[in-house]
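Have a look at the structure below before the remarks.
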Amino acid sequence: MAGRHGPDHPGRAITAFLLAATLAALCVGQPPRTPACSLARGELTVDDLPAGSSVLDCSAVGRVVTHDGAGLAVPEPGTTVSVDSLTADGSAHGFTLKVAPDGTVSYTYEATHPGAGHGGAAHAGAGPTGVAQPKSPHAKSPHAKSPHAETPHAETPHAETPHAETPHAGTAHARAGRTEAARAQAAPAEAGAAGMPHAGAARTEAVHAGAPRTGGGRGGRADAPAPCADDAYVTAGRKAYGPYEWFLGDGHWPGGISRAGARRAFEEAVATITASRNDCGLEDRVAAKARYVSTTSSEADIDRETRCMRPDGLSVWDAGDLGPESVATTCSWSRPAPGGGPEELLEADVRFNTHDHAFTDDPSGACTQAYDLRSVATHEAGHVFGLAHSGAGHENLTMFASSFACSTSARTLGKGDVLGLRSLYWASPDTNAMPSGVRS
């Protein structure tokens, strides 16, 4: 027996050696596989799911992530969602979570965004300050459907003034209250920046309670630029490439108005955005579109703690309970546009906080704490169509973070609000022509 097996032993050793060498050669150059992460039960923080981690490896889709008092449900790969919850004193607590098509997470924190500048230069260039980028980003083609072709769109601001200006946080402005006289004043030159809004961000914005504006007429801030003299704006990196189709919830409505009254108020607010209505003498150069569909038993995908939950595909405006500091909240979801540029809006829900705040559709001299429904709705409609908060120092613009109790001033747009919309939805007087550099 020994004589029979002895001669075969070297052959088996050589075979084993060759097999090991072959396997080693096949593995050369392959990075080690990152083990799946393990998440704790319950709510997560941004530290539990840090930038660069994978929602697929961590099984994080649908989990709620919180940061500085704000929260949202982690979306599917290739989707962006954001939540902003500003307090009464104007401090920012918002953040954005973007999930790349490969599942990689990145964050943007509103508190670290630069202040709004002339012509919206706050979001010029490659992206906003404060983006927590993934450690190993992977470029993959988005699996988004093509945007609607019927709506002309643009990614550059008004071309009549090609110069761009640098953001000017803290720069002194000429100060004037937001009054009827200020609205009627001759509008300064329609200057805008050529900077592109950052792509890949959908934002959720909350309007918060604050002290009534000081100033005459419809309310205003005497220490901020007049609305027709303030060209500041900030965009959120998304837009509605086709008509924004929205539904009305079937619950109770702010200010005790009827469902028909709520529809009229909201349609008026949306039309203010799509037609860029203003008292500054600025022509409508905005090609955004919207269409009211019907009432629905579905609710806005926003919970009572002002968190964006998983979207259901319907853009719903309703009323209910939110965090006590929020007067109204918009949650928006978007995905990369096939042609690049601002992301494509998928859904935008709006909720008014009737649990903690009073609303009126007709503020009178006796009004003390009620919020003008149409002013708040116009602000929220601005978020739906891709405008972000204008920031401190720009209190007289519609997109400032508070609509102020009893004030109707936000029912029409300021100069910066209009320029922001133009930067996203440029419409030339010649329907077949667009400014240089604008992509159709």
Next on the checklist: Only one of GLU268, GLU245 is under 19 Å from SER332 (Cβ atoms), surrounded by fewer than 18 Cβ atoms within 10 Å (Cβ to Cβ) and touching a residue at least 12 places away in the same chain (Cβ under 8 Å). Can you tell me which?
Outcome noted: GLU245
Next on the checklist: Of all residues being assigned to a helix (DSSP H, G or I) and of a type in the set (A, V, I, L, M, F, W, C) in the stretch 358-381, which is nearest to ILE257 (Cα to Cα)? Just the residue, please.
Outcome noted: LEU373
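May I ask you to verify whether ALA405 is over 16 Å from the mean Cα position of the chain (by Cα) and part of a loop (DSSP other than H, G, I, E, B)?
Values: over 16 Å from the mean Cα position of the chain (by Cα): yes; part of a loop (DSSP other than H, G, I, E, B): yes.
In short, yes.
For the stretch 339-357, how many residues are outside any strand (DSSP E or B) and either under 18 Å from THR306 (Cβ atoms) or under 19 Å from the mean Cα position of the chain (by Cα) (or both)?
Looking only at that region, the number is 7.
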Next on the checklist: Condition first: of a type in the set (A, V, I, L, M, F, W, C) and under 26 Å from SER334 (Cβ atoms). Now tell me which residues in the stretch 248-261 satisfy that.
Outcome noted: LEU248
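If the requirement is being among the hydrophobic types (A, V, I, L, M, F, W, C), without any contact (Cβ under 8 Å) to a residue 24 or more places away in the chain and at negative phi, which of these qualifies: ALA366, ALA287?
ALA366
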Item to check | Identity of the residue in the stretch 323-338, touching a residue at least 40 places away in the same chain (Cβ under 8 Å) and assigned to a loop (DSSP other than H, G, I, E, B), that ends up farthest from VAL61 (Cα to Cα) | outcome: GLU325
Next on the checklist: Please count how many residues of the stretch 39-59 are part of a loop (DSSP other than H, G, I, E, B), among the aliphatic types (A, V, I, L, M) and within 22 Å of the chain's Cα centre (by Cα).
Outcome noted: 4
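Can you tell me which of ALA381, ALA410, ALA377 is free of Cβ contacts under 8 Å to residues at least 60 places away in the same chain, surrounded by 24 or more Cβ atoms within 10 Å (Cβ to Cβ) and under 18 Å from THR274 (Cβ atoms)? Show your work before the answer.
Numbers: ALA381 fails: free of Cβ contacts under 8 Å to residues at least 60 places away in the same chain; ALA377 fails: free of Cβ contacts under 8 Å to residues at least 60 places away in the same chain.
So the residue among ALA381, ALA410, ALA377 that is free of Cβ contacts under 8 Å to residues at least 60 places away in the same chain, surrounded by 24 or more Cβ atoms within 10 Å (Cβ to Cβ) and under 18 Å from THR274 (Cβ atoms) is ALA410.
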Checklist entry - Within the set of pairs 6+ apart or on separate chains, which have a first residue in the stretch 37-51 that is polar (S, T, N, Q), a second that is surrounded by 15 or more Cβ atoms within 10 Å (Cβ to Cβ) and outside any loop (DSSP other than H, G, I, E, B), and C-beta atoms under 9 Å apart? => result THR45/VAL65; THR45/THR66; THR45/HIS67
Next on the checklist: Checking the conditions here, which among GLY90, GLY103, GLY71 is at pLDDT below 90 and surrounded by 18 or more Cβ atoms within 10 Å (Cβ to Cβ)?
Outcome noted: GLY71
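Could you look through the stretch 74-87, keep only residues that are in a loop (DSSP other than H, G, I, E, B) and at pLDDT 85 or above, and pick out the one that is surrounded by the fewest Cβ atoms within 10 Å (Cβ to Cβ)?
So, considering only residues that are in a loop (DSSP other than H, G, I, E, B) and at pLDDT 85 or above, the one surrounded by the fewest Cβ atoms within 10 Å (Cβ to Cβ) is GLU76.
The values are calculated or read from the model by the stated rules, or taken from the named source; none is laboratory data. Just so we're clear, the structure is a prediction, and the values are computed from it rather than from any experiment. All Cβ positions, even for glycine, are placed from backbone atoms using ideal geometry, and neighbour counts span all protein chains on display.
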